[in-house]
Structure formats: C-alpha cells, structure tokens
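Structure record follows, encoded as structure tokens.
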Amino acid sequence: TFTDGSRFVGNYKNGKRHGLGVITWSSGERFTASWKKGKINGEAEVKFGNGDAYVCEFKAGIPTGESRYIFQSGKEIEGDVEFIEFMMMKESTDLVAAIEPNLGFASYILALEFKQIKEYDLAEENFKQAQAFLPDKSALADRIPGQMAALQEKRNMN
C-alpha cells in the first residue's frame, strides 16, 4: 500500500515490477499493466469508477502514441488525453466536464510511472496535465504540488 492509498498486486523481480500487475485505489479506479524490468510494456488500462476506461500502448515504459478512451456505453475515441478532450468539446461541454477528472487521473498515473523510470520531462508534463483536468478540491490535485517538488528534487540530484 502506497501513501496515496493505492495498492499494487503483482510480481517484482530484482526489486522492480515485472509481469502482470494491478494498482487499485480506494476510490475504485484500477490500473492494469504488464511490466518488464520496472517499465510498462504492451497495453495498459486505467478503469475508472464510472465504468469508462483509458487504454494506452507502451514500449519500454514510454507510450507509443496509440491510446483510446472507451466509454461505458462502448463508444471509443482514439488519441491522447488532450485530443480526447478536444473531440468531446465538439459534442458537449457537459460530457467534457464529466470525463475531465478521468483524464486527469490517467495523466496522474502516467506521471507516477514516468517518475519511477526517471523520465522526468514526461512526468512533469503529465503532472501539469493532471492538474489542469482534476477538480481543484480533489485529493489527487492536492498531491500534485508535492509530487512536482519531489520530481524537481530528483531531477536536481541527477
């Protein structure tokens, strides 16, 4: 169990995540991925409490650019989180407001993974994106300034 209340169930090899694993949060969100030597490889999925999902393809811990948002209804939109938001704005601002917390959560998870593998620029970009999408009063939004400070500290040490 981690300080943000999440819990990882999966295997470790030489102190790094290795093989299929699942991270769950008390809020109901779930992140499923396959890791190789601590880096995500293959398809990773964030399943949100409302039944929607965000699926992203990874190679050696870095997204390949192939991702999609899947609504509980089965409707899919392909693209990164910013493109998904753009496409939803064309349909309905209410729909955008409904999915933005999910997009923020997905960005937060990706930022944590990038921080883990020392891809600090990608981590910072995703923390900023999460901050833009998450509601101001959410627990994750409150954690981002601390995560950004820790990220800067790690960056300065390297």
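Applying the selection to segment 1-58, what residues are in a strand (DSSP E or B), of a type in the set (Gly, Ala, Ser) and over 27 Å from Ile99 (Cβ atoms)?
Gly10, Gly19
Of the residues in segment 24-55, how many are surrounded by fewer than 17 Cβ atoms within 10 Å (Cβ to Cβ), acidic (Asp, Glu) and within 11 Å of the chain's Cα centre (by Cα)?
1
So how many residues does segment 132-147 have that are without any contact (Cβ under 8 Å) to a residue 24 or more places away in the chain and buried (at least 17 other Cβ atoms within 10 Å of the Cβ)?
0
Take segment 125-158 and flag every residue that is more than 19 Å from Phe105 (Cβ to Cβ), among the hydrophobic types (A, V, I, L, M, F, W, C) and not in a helix (DSSP H, G or I).
none
Take the residues in segment 36-73 that are touching a Phe, Trp or Tyr at 6+ places or on another chain (Cβ under 9 Å) and of a type in the set (Phe, Trp, Tyr); name whichever of them is farthest from Ser6 (Cα to Cα).
Among them, the one singled out is Tyr69.
For Leu122, are the conditions met, namely being outside any loop (DSSP other than H, G, I, E, B), farther than 23 Å from Ser27 by Cβ, modelled with pLDDT of 90 or more and touching a Leu at 6+ places or on another chain (Cβ under 8 Å)?
On the way: outside any loop (DSSP other than H, G, I, E, B): yes; farther than 23 Å from Ser27 by Cβ: yes; modelled with pLDDT of 90 or more: yes; touching a Leu at 6+ places or on another chain (Cβ under 8 Å): yes.
Yes; evaluated as a whole, the condition is true for this residue.
Within segment 106-124, is there a residue that is touching a Ser or Thr at 6+ places or on another chain (Cβ under 7 Å), among the charged types (D, E, K, R) and either closer than 19 Å to Glu57 by Cβ or exposed (fewer than 13 other Cβ atoms within 10 Å of the Cβ) (or both)?
no
The values are calculated or read from the model by the stated rules, or taken from the named source; none is laboratory data. Keep in mind that this is a model prediction, so the values were computed, not measured. Here Cβ is always computed from backbone atoms with ideal geometry, including for glycine, and neighbour counts include all displayed protein chains.
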